[in-house]
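Structure first, commentary second.
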Amino acid sequence: MPTAPLFYQPLVIARVQAAKVGDTTVYAAHEAQEKLLKDAYDNPKYQPKIDSIFGGLRRVQTQMPGISELKNIQFAFDENGYVANRVTTATKIHPELFENASPEDAVKIGAQLVEEAQKEFKENAPDTPDPGVRVAGDTIEVAPSVASVLKAHWENDDVSAQQAAYVGVNFARELQRAVTPIPADSTDPKLQWLEDGTNWALGFWPGAASKITTANGLKADAKEVDRLVEGWRGNFSQIVPKYATQVASVSSLLGAAGIAVNDATAYDAAYKVLQGTKLDGVPAGIAQALVSHNELPADQTEYFGGRIVETGGTAGNVKGLLAEIELAKRPKPVDPPGEKKPDGDGPPPGKKPDGESPPDSKTEPPVDPKDPKAPKEDPKKPDEPKKPDEPKKPDTEDPVVKATEETKAALDESTKADQVLTEERLKQILDAMKQNG
């Protein structure tokens, strides 16, 4: 229950909407974006195409099991409009921010929300001009780089295949974000790498972008859209370096589970593993797929699920985990060829069985010592000590020793990456505290 007087609430929201954005206010900039879209929709020439965009996005959502309902789509045609839309959305999905706020507090809250939205707008610069598309709560925020392409589409169909592909991957990525959502505008201190890696990996999956562009009615060849996205996917670390490690880690785990990340037909399998449950249950789902594909004992699923969380998504740690899986697949050690242990059924080595002669030995009749013809024995010399046999060198390198050395090298690299992991986790936790605070 709010502790501030209820009549404060309209005043608090009004103070937030009065926050400055450039040379205007949150309220004025938001209203301007709404008017631009309304005027376009009121034009009979543009209305069918706008309907096609909204209807196409709804149809795609119905084909994504587990997705949260996205009720609103807000278009922004400039930076101030995007910031104003994001602040307006925040006031709706974060009512807890205003429960104890006075009108004076609201001035500070409004300024903070504007600052955070401005940072978000430029978070991927200079790699991309703006977020493109961003899902927040039940709202799809369309940034200027995507809104301008859609505007060109409904006005005159002037959209290139490259522009269409850009629209497609942005919507595809953000719709994935709405499937196993964490609380709006927050981060998970342990699994944010998995959330981001999943959204970007599935958003760039073969065929995902062209599915969006076709549903939206964009007049761009679907095969050309897919070809362009394939090139971007192959150069992902240069296009979006901020998320390259997360995507690589998710892709490596899928590959180890037998899911081909460059195969359009494998999308359903990847979606089931990555989006089939809430975020905190995804590591267990990946582990189950790993154990099944690699024919490991089922009781190892829990262990590998925990190890996936421990990696933090870093390249070195994931590499170490995959080395563990390879080692677990190897057969148990066997005796090297040429060496046979006594089975206990026969006589000890060097002692012949009773009544038998050792192989290649000659049997002579007994000699009578009183017989003058009997050969005389020479005085015996003390036996010289027998030299121990030199150990045989194995003909081939021991596969178990080799596997152990490979694993040790991978785990050594993993240990180095863990030092970076600690700093990354600390930063993620501080960021989450800041956003949730």
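A short reminder: the numbers here are calculations on the coordinates, not readings from a lab. Bear in mind the structure is a predicted one, so any value in this text is a computation, not a measurement. All Cβ positions, glycine included, derive from the backbone under ideal geometry; neighbour counts span all protein chains shown.
Normalized C-alpha radius of gyration of the range 67-134, against 2.2 N^0.38 Å?
Numbers: Rg = 13.5 Å, N = 68, 2.2 N^0.38 = 10.9 Å.
The value comes to 1.23.
At 7 Å along the Cα-to-beta-carbon direction for both K108 and A266, put a label point, then send me their distance in nm to one decimal.
5.2
Between the range 101-179 and the range 38-82, how many Å separate their Cα centres?
13
In the range 84-160, which trypsin sites (Lys or Arg not before Pro) are in a loop and have at most 14 other Cβ atoms within 10 Å, using DSSP for the loop call?
Within the range 84-160, the qualifying trypsin sites (Lys or Arg not before Pro) (loop, at most 14 other Cβ atoms within 10 Å) are K122.
Which ³J(HN,Hα) values, rounded to whole Hz and listed in residue order, are derived for the range 222-234 from phi using the Karplus coefficients 6.51, -1.76 and 1.60 in 6.51 cos²θ - 1.76 cosθ + 1.60 with θ = phi - 60°, glycine and proline given as x?
4, 5, 5, 4, 5, 5, 5, 5, 4, x, 5, 5, x
With 23 Å as the limit, write out which pairs from K71/K223; K122/K278; K122/K190; K49/K119; K151/K219; K122/K272 have Cα-Cα distances beyond it, or answer none. Mind dumping the intermediate values first?
Numbers: K71/K223 31 Å; K122/K278 29 Å; K122/K190 25 Å; K49/K119 32 Å; K151/K219 13 Å; K122/K272 32 Å.
Table pairs above 23 Å Cα-Cα are K71/K223; K122/K278; K122/K190; K49/K119; K122/K272.
If each residue's Cβ is checked for other Cβ atoms within 10 Å, how do E141, E96, E79 rank with the fewest at the top?
The most exposed by this proxy come first: E96, E79, E141.
Could you tell me, in Å, what Rg and Dmax come out for the Cα atoms of the range 21-65?
14.7, 43
Ranking W232, W200, W154 by Cβ neighbours within 10 Å, fewest first, what do you get? Numbers along the way, then the final one.
Numbers: W232 17, W200 25, W154 21.
Placing the least packed residue first, the sequence is W232, W154, W200.
Just rank V225, V240, fewest to most, by other beta-carbon atoms within 10 angstrom.
Details: V225 27, V240 19.
By the 10 Å Cβ count, ascending, the order reads V240, V225.
In Å and on Cα atoms, what radius of gyration and Dmax does the range 130-173 show?
10.6, 32
Search the structure for amide H atoms under 5 Å from the amide H of V21, placed 1.01 Å from N in the peptide plane, and list their residues when 5 or more places away or on another chain.
Answer set, sorted by chain and number: V26.
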